[in-house]
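The values are calculated or read from the model by the stated rules, or taken from the named source; none is laboratory data. It should be emphasised that the depicted structure is a prediction, and the values quoted were computed from it without experimental measurement. Methodologically, a virtual Cβ is constructed for each residue, glycine included, from the backbone with ideal geometry; neighbour enumeration extends over all protein chains shown. To get the accessible areas, we keep the full protein, side chains included, count just its heavy atoms, and leave off ligands, DNA and RNA. Shrake-Rupley method; radii C 1.70, N 1.55, O 1.52, S 1.80 Å.
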Amino acid sequence: MSGDLTIVGLGPGPEDWVTPAASQAVADADVLLGYTPYLERLIPKPGQIFEASDNREEMVRSARALALARDGQRVVLVSGGDPGVFAMAAAVFETIEANPDSARGIGVRVEPGVTAMLAAAARIGAPLGHDFCAISLSDNLKPWATIEARLRLAAEADFVLALYNPASKARPEQIGEAFRILSAVRSPKTTVIFARAVGRKDESIEITTLEAAPLALCDMRTLVIVGSSATRTVTCGDGRTWVYTPRSVRVE
Ligand code: SAH
């Protein structure tokens with residue numbers, strides 16, 4: 001008998017940002033697989049098996065999850081945020097495309113989660129209120145030249161940009177490169193948000209500008225939002241300043 005595979009998004013951190021459908025899938029699983037810090041957010045039920053692995057082993061983990069499902073297990077593969085945003089769901093479908101037999105007879109399902117850019121945006125207002133795009137700055141899986149071209153074209157098109165994977169220990173300098181590319185096109189006063197560890201105990205949110213952004217604060221737990229030319233701040237009655245991008249585009 002074949003089992004099934006559900007690829008589940010656990011959101012950026014807090015339990016109450018996990019959808020009831022995702023929690024149900026986790027509760028119903030026989031085996032759960034994922035990157036260690038994501039599995040550590042869950043408490044195993046009696047009889048459940050947890051298989052943690054390194055972040056870079058996405059294809060191995062996908063193949064393992066499919067094999068367990070073919071064996072008749074109810075398998076859950078967990079991702080932080082949304083599983084379809086720079087995460088495991090695409091890795092599973094790539095694995096199936098490369099080896100269609102790996103998913104023979106298995107039911108596959110994707111349960112969405114709150115992705116980091118939505119959680120970060122909600123903390124500071126509505127910076128994604130108009131057209132935006134999301135770009136990962138990691139060149140583990142694509143050439144840096146592609147990232148540069150996408151950054152330049154997105155800046156020229158005046159999109160709000162959500163930058164995932166802006167820096168890591170192995171790539172501390174790429175966020176600086178990215179900001180140089182954006183600064184060649186965008187005003188130095190463009191609003192920039194550094195949202196670090198959103199939803200965690202050590203969350204920090206910095207509202208800054210392209211010219212003043214403290215790049216050294218950026219790490220692999222940071223989501224960067226770069227505003228469009230229309231992104232602005234507004235101060236509410238309680239004195240708090242919010243960032244938003246208006247819903248209409250004015251032609252000057
Ligand atoms: N699937 C995830 C993204 C995985 S890529 C999602 O949908 O959110 C990993 C990147 O996501 C990190 O480098 C960081 O840029 C961002 N990220 C994930 N969780 C975050 C959090 N709690 N706060 C800020 N950024 C986060």
Give, rounded to the nearest 20 debye, the magnitude of the charge dipole that the chain has about its Cα centre when Lys and Arg contribute +1 at Cβ and Asp and Glu contribute -1 at Cβ.
-> 420
Counting Lys and Arg as +1 and Asp and Glu as -1, each charge on the Cβ, what is the dipole of the stretch 117-244 about the Cα centre in debye, to the nearest 20?
-> 180
Carbon and sulfur together cover what percent of the accessible area of the chain at a 1.4 Å probe radius?
-> 54
Between residue 238 and residue 202, Cβ-based FRET efficiency (R0 22 Å, step 0.05) works out to 0.35
Find the Rg to Rh ratio for the stretch 117-244, where Rh is the Kirkwood radius over alpha-carbon pairs and Rg uses the same atoms.
-> 0.95
Among DSSP beta bridges lying fully in the chain, give the percent that are antiparallel, nearest 5.
-> 45
Send over a whole-number figure in Å² for the accessible area per residue of the stretch 4-114, probe 1.4 Å.
-> 49
Compute, for residue 139, the solvent-accessible surface of its heavy atoms (probe 1.4 Å) with the complete set of protein chains present, and express it in square angstrom to the nearest 10.
-> 50
Percent antiparallel among DSSP beta bridges (both partners in the stretch 117-244, rounded to 5) | 75
Determine the order of 218, 236 by accessible area, beginning with the largest, at a probe radius of 1.4 Å.
-> 236, 218
The stretch 160-243, accessible area per residue, ligands and nucleic acids excluded (1.4 Å, Å²) = 49
Taking N as the residue count of the chain, its alpha carbon Rg divided by 2.2 N^0.38 Å gives 1.10
If the cut-off is a Cα-Cα distance under 30 Å, which lysines reach residue 169, setting aside same-chain residues fewer than 8 apart in sequence?
-> 142, 189, 201
Quick calc, the stretch 4-114, dipole around Cα centre from Cβ unit charges on Lys, Arg (+) and Asp, Glu (-), nearest 20 debye, gives 160
Farthest positive-ward along the stretch 50-155 dipole, Cα basis, beta-carbon charges - from 107, 53, 67 = 107
How much of the DSSP beta bridge set in the stretch 4-114 is antiparallel, as a percent to the nearest 5?
-> 5
Ranked highest first by the average count of other Cβ atoms within 10 Å around their residues, in what order do 48-60, 150-162, 115-127 fall?
-> 115-127, 150-162, 48-60
If you project the alpha carbons of the stretch 4-114 onto their three principal axes, what span does each projection cover, largest first, in Å?
-> 37, 30, 24
